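The values are calculated or read from the model by the stated rules, or taken from the named source; none is laboratory data. Treat the numbers as computed from the prediction; the structure is a model and nothing was measured. Cβ atoms come from the backbone with ideal geometry, glycine included; neighbour counts cover every protein chain shown. We work out accessible area using only protein heavy atoms, side chains counted, and drop any ligands, DNA or RNA first. Shrake-Rupley method; radii C 1.70, N 1.55, O 1.52, S 1.80 Å.
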Amino acid sequence: MSGLKKLTSQKMRELAPELDPLRIGSGWKPEDLSKPQIIIESTAGDSHPGSAHLMKLVEAVRKGIFDAGGYGARYFCTDICDGESQGTDGINFSLASREMIANMIEIHANATPFDGGVFIASCDKGMPGNLMGMARVNIPSIMVTGGTMSAGPELLTLEQLGIYSAKFERGEIDEARLNWAKHNACPGCGACSFIGTASTMQIMAEVMGLALPGSALLPAASPDLTDYAYRAGKRAVELALEGVKPSDIVTMDALENAIMVHAAISGSTNALLHLPAIAHEYGLIITGDTFDRLHRNAHYLLDLRPSGKWPAEFFYYAGGVPAIMEEIRGVLHLDAKTVTGKTIGENLEDLKANGFYDRCSKWLEEANKKYGINLTKSDIIRPYDKALGTSGSIAVLKGNLAPEGAVIKHTACPEEMFKAVLNARTFDSEEECLDAVIHHKVKKGDAVFIRYEGPKGSGMPEMFYTSEAISSDAELGRSIALITDGRFSGASTGPVIGHCSPEAQAGGPIALVEDGDLIELDIPARRLNIVGIKGEYKTPEEILNILDERLKSWKPKDKKYKRGVLRLFSELASSPMKGAYLEYN
């Protein structure tokens with residue numbers, strides 16, 4: 001190939017005479033050394049179903065690179081599984097792992113010269129960690145997403161397991177039924193089959209233009225996914241020769257497209273952590289206010305769990321990301337660039353011409369036969385004028401309780417809780433709160449607080465079990481609110497409000513709430529306020545004076561972690577509403 005001396009790898013070979021022999025010792029052939037060199041970074045490993053199958057995609061990518069005249073080198077930084085960590089202190093490491101994955105990618109790709117990259121991941125922290133790492137390295141790159149697992153019998157999916165567990169704790173089902181759910185909720189590899197954080201971030205990667213069109217959230221067992229991986233490998237070599245970098249693609253227009261699609265799919269609230277953190281790596285700023293502005297009046301179209309009816313497996317059968325974008329194309333930046341070298345609008349036209357939707361329809365026919373159902377595309381992705389909702393899917397609430405904001409997925413919240421004044425019940429850990437909920441110590445009309453669970457407190461774990469215990473209770477799920485400076489699983493449903501900022505460990509107002517305070521929740525007006533003390537209403541000025549007095553006697557809790565990665569994370573993490581990325585100044 002002409003012009004290879006201009007590639008970074010070839011320049012570095014001249015500077016480091018040890019480079020060639022060390023690579024030959026690793027299995028490279030001498031003729032490989034002059035090829036475009038592509039790092040294949042993946043979360044492949046035996047940690048969970050979202051990563052256990054990724055080696056087949058790594059090898060497909062590698063073959064694509066080879067066939068395009070390049071050489072692919074495999075690097076690994078396996079992610080952890082939030083589901084496997086639930087209910088233990090292991091979940092505290094989850095959000096911090098996003099930063100560590102990005103850090104390792106930065107180290108891998110900068111310590112050794114590469115001309116381009118392919119990044120492969122499926123799940124909650126692997127996806128944003130790789131997208132952040134891709135931004136930091138900023139070499140010509142493409143993302144391959146690992147797809148979603150199939151549903152189990154009775155269309156069982158993993159997010160339903162919390163409900164089974166809570167019912168078992170209350171004696172509503174026996175152990176045999178609980179074990180049936182455990183043994184059938186994950187029948188194969190891929191991300192969990194609902195629009196949780198993993199699925200949401202796979203979709204975001206494609207919408208931002210960093211993955212091939214139509215490739216996000218395919219069934220993990222589909223041969224189409226392996227084909228996309230092969231094509232991504234070939235395209236990575238072309239990108240390296242063209243010199244097109246992620247920073248040429250990820251602009252404010254691309255991020256706004258992502259947020260508009262996030263509204264249309266009722267995406268995970270954790271996207272409000274990950275998209276701002278990804279934007280930060282590009283020197284761009286998006287905030288909770290950006291999400292709230294773009295979600296207002298946005299059409300919510302995707303009837304998939306946890307907010308809707310069907311498993312995420314059906315997303316691809318209905319046309320996937322392209323079908324969603326076609327429905328909302330009037331509000332998208334269609335001239336945004338993508339890794340194909342074409343714009344979003346041009347990609348959508350190409351898909352219509354190349355039979356993409358016909359292939360999806362055939363998969364839908366097969367799924368209908370498999371599960372004994374009769375779904376059409378519009379049962380899964382509603383037409384724009386027949387939307388499930390027309391006010392987006394999340395709201396950012398502000399007030400004297402959350403001056404920087406707090407997040408609720410209102411599409412998963414009962415309408416009875418859209419406006420309420422509730423009685424504060426405070427807990428300083430999830431364990432205390434979960435015990436109170438399960439044993440009916442929490443009552444109708446309570447605002448249940450779990451605090452000191454933010455990034456600086458305990459690492460910002462998910463409050464998944466508590467939220468599931470509440471939403472599975474017919475009365476509590478429609479009569480109380482759960483408010484935390486922690487976060488929620490993308491599978492969480494019910495009146496749950498997270499990311500309350502500033503967090504308790506930083507002295508935010510959530511730390512100053514006392515039992516008996518009156519809490520105003522008003523989703524349409526975007527308000528979250530303390531409006532009364534010990535059951536008596538007070539003026540806003542009186543409330544602020546009382547909070548000032550409480551703050552004088554408040555002290556932060558002792559650091560939960562004295563050493564290691566979580567001590568580092570607690571020292572440097574920004575606020576939940578900023579994205580909880582590490583701030584170094």
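Counting charges near Glu453 (Lys, Arg +1; Asp, Glu -1) among other residues having Cβ under 13 Å from its Cβ returns a value of -3.
The listed peptides 55-67, 448-460, ordered by packing as a protection proxy, come out as 448-460, 55-67 (highest mean of other Cβ atoms within 10 Å first).
Model label points for Leu568 and Asp67, set 7 angstrom from Cα along the Cα-to-Cβ axis, are 4.0 nm apart. Put a dot 7 Å past the Cα of Trp554, heading toward its Cβ, do the same for Leu15, and the two dots end up 4.9 nm apart. Within the straight-line cut-off of under 20 Å between alpha carbons, the lysines reachable from Lys398 are Lys409, Lys419, Lys538, Lys578, sequence neighbours fewer than 8 places apart in one chain being disregarded.
Between the Cα long axis of helix 94-111 and the first principal axis of the chain there is an angle of about 20°, rounded to the nearest 10.
Taking only DSSP H segments of four or more residues, each worth -39500 (n - 2.57), what value at 222 nm results for the chain once the sum is divided by all its residues, to the nearest 500 deg cm²/dmol? Mind dumping the intermediate values first?
Details: 23 runs with 232 residues, N = 585.
It lands at -11500 deg cm²/dmol.
Once the convex hull of all Cα atoms in the stretch 431-556 is built, its volume per residue stands at 110 Å³. Its relative contact order, with pairs defined as Cα atoms under 8 Å and 6+ residues apart, puts the chain at 13 percent. For Ile101, neighbours were defined as the other residues whose beta-carbon sits under 15 Å from its Cβ, and their charges (Lys and Arg +1, Asp and Glu -1) total -4. A crude spin-label estimate for the pair Asn585 and Ser429, with each label 7 Å from Cα along the Cβ direction, gives 3.8 nm. Got a sec? Which residues in the stretch 403-439 would a label at Ala525 touch, if it sits 7 Å along Cα→Cβ and we count backbone N under 11 Å? Those under the cut-off are 419-421.
Out of the stretch 515-585, which GluC sites (Glu not before Pro) are coil in DSSP terms and have no more than 13 other C-beta atoms within 10 Å?
Values: sites: Glu520, Glu536, Glu541, Glu542, Glu549, Glu571, Glu583; in loops: Glu583.
Listed in order of number, the matching sites are Glu583.
Mind checking the full-extension length gain between Thr390 and Ser247? Use 0.36 nm per residue of separation minus the Cα-Cα distance, one decimal, nm. Let's see the in-between values first.
Details: separation 143, 0.36 × 143 = 51.48 nm, distance 3.24 nm.
Between Thr390 and Ser247, full extension yields an extra 48.2 nm.
Stretching Ala353 away from Ile546 to a fully extended chain increases their span by 63.0 nm, per 0.36 nm per residue minus the current alpha-carbon distance. Stokes-Einstein, applied to the Kirkwood radius of the chain over Cα pairs at a viscosity of 1.306 mPa s and 10 °C, places its translational diffusion at 65 µm² s⁻¹.
Accessible area per residue of the chain at 1.4 Å probe, in Å²? Mind showing how you got there, number by number?
Numbers: 21800 Å² over 585 residues.
Each residue of the chain exposes 37 Å² on average to a 1.4 Å probe.
Each peptide in 558-568, 404-414 was scored by the mean count of other Cβ atoms within 10 Å over its residues; highest first, the order is 404-414, 558-568. Applying 1/(1 + (r/R0)^6) with R0 = 25 Å to the Cβ-Cβ distance of Glu154 and Asp46 gives a FRET efficiency near 0.35. Over the stretch 473-527, the fraction of Cα-Cα pairs per 10 Å bin, rounded to whole percents and listed from the shortest bin up, is 19, 50, 30, 2.
Taking the Cα atoms only, what angle lies between the long axis of helix 540-553 and the longest principal axis of the chain, rounded to 10 degrees? Helix 540-553 sits at roughly 80 degrees to that axis. Note on the stretch 285-380: lysine pairs with Cα distance below 24 Å, sequence gap of 8 or more or different chains, count 11.
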